[in-house]
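Working notes for the structure below.
The values are calculated or read from the model by the stated rules, or taken from the named source; none is laboratory data. Since we're looking at a predicted model, the values are computed, not measured. As a convention, Cβ positions derive from the backbone with ideal geometry for all residues, glycine included, and neighbour counts pool all protein chains shown. Just so you know, the surface numbers come from the protein's heavy atoms only, side chains and all, with ligands and any DNA or RNA stripped out. Shrake-Rupley method; radii C 1.70, N 1.55, O 1.52, S 1.80 Å.
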Amino acid sequence: MSIKPFIWPFTYHDFASLLGTREVGEGYETEWRNDPYGNGWRLVIFLDDAGRTAPEDPVPPGGDGEPADPMVGVCLESNDEEFRGQGEDVVDAYFTFVLRDARGRAYAEPDWSHPRKIEPLAISVENEWLPLRRSEILNTENNILHGGSLHIDAHILLKKPQPTPKAPPSLGKKMMDLFRDDDDKDVSFQVGGEIISAHKIILKKDPSILFSICEENGDDRASISIDDTDPGIFRLLLRYIYAENVPHFKDLAEIGQDADTAMEKICRVGKAIIDAANRFGVVGLKLAIESNLVEEMAISSKSVADWLIFADAKTCPLLKEQATAFFVSRSEDLLNSDASDQLRESPRLLAELMVEIARSANPIRRDFEDDESRLSVRELRDKLMEAGLEIDGDKETLVARLREANREQQMDETE
């Protein structure tokens, strides 16, 4: 999966004269810009067109006339509703934005938990509201306008998703039926006050460490205690061991119920699954959930430091690669935020980010890297899978593994 983050600064001259609504369209459009794939984009700014002082406020009597102090709205548009292609060529697009003040500092951004997805074949992101009113922008004490102009950065992420391989339907169904059937199960685990049973022979054929835990237990009649793991998470591990069943985040309603939002639940459950999969050696599930988290675009400016630290600690290079790309694209703001304070606790990780920021500022340096180092984590894993090699490990390990395989292949070809 290829992830291409990029930022476009848009300028709205003479903001004070902007009176157009989203429907009327008077003086709110910017020029078109082309992304790396050749798709055209523009950012649209407008005033609340419902005669309200805020989107959630009721319409005043009559509903006519210009609001005294309207909210300011933003919309991202594409010039081609089919720009993301068809079938295997489809590309997903995600969007967020930052309003900058006259000194170029981030002044406001939408209170989203993650970038908004532009739905397939949709020509624009639905109207979104800046968290401020027209009067706040015009107030000279806030120092937002620069020479009367408003500056907004559009942050866009384009990515080409890759489907997760699944077990053949008939085999997967039979194995899930076996998992649900308590007959002939010969080992049980006590997890968070619940008893969860399994077939020892299934665990024996899996590379996880659960069978070793069973062997160490000795007494087949006694339940094996599993501490510090949610029962729902442990069942997900067993479902994967039986049938390579990868859960979809929307089906995990029973886990993480204390989360405030759907995205918080996705993040919390995703981290819990990866932590448990790491602990018990269920590598395939760990890699699948890591990929799903990247697909969900779970990283935001508020969470990027947490994700970098987590991905580094749990050896999730795909997740770390996405978080790094996000951080680099917002480095000017994030280096002066709480995220930087968190990352100072890991000097090595912060040093890696500084290197990536320098690379992004000087792309010519990429020309001096070897072929393996230029590959993304997804590309490295694909090539290692083709060679029948292990795909777990950090990016440096994957690069070294592929480099050695390529070297051996070249030696074989010359003999």
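Here are a few things to note about the model shown:
- W32 - accessible surface, heavy atoms, 1.4 Å probe, Å² rounded to 10: 110 Å²
- Spin-label model, D227 to F6: label points 7 Å out along the Cα-to-beta-carbon direction sit 5.3 nm apart.
- Distance from the Cα centroid of the range 183-249 to that of the range 292-310 is 29 Å (rounded to whole angstrom).
- Inter-probe distance in nm under a simple model that places probes 7 Å from Cα toward Cβ, at A16 and A262: 4.3 nm
- Sites S373 and S212 - FRET efficiency at Förster radius 30 Å, r taken between beta-carbons, to 0.05: 0.25
- Built amide H within the under 5 Å cut-off of S346, gap 5+: none
- Relative to the Cα centre, the charge distribution of the range 301-415, modelled as +1 at Lys and Arg Cβ and -1 at Asp and Glu Cβ, gives a dipole magnitude of about 460 debye.
- Heavy-atom accessible area per residue - the range 295-336, 1.4 Å, Å²: 32 Å²
- Per-residue extension of 0.36 nm, minus the Cα-Cα distance of A400 and D184, leaves a gain of 73.3 nm for this segment.
- Neighbours of A339 by Cβ distance under 13 Å: Lys/Arg scored +1, Asp/Glu scored -1, total -3.
- Rg/Rg_globular for the range 171-212, with Rg_globular taken as 2.2 N^0.38 Å and Rg from C-alpha atoms: 1.19
- Taking amide H as placed 1.01 Å from N in the peptide plane, the amide H of I224 sits under 5 Å from that of S188, F189, Q190, each at least 5 places away or on another chain.
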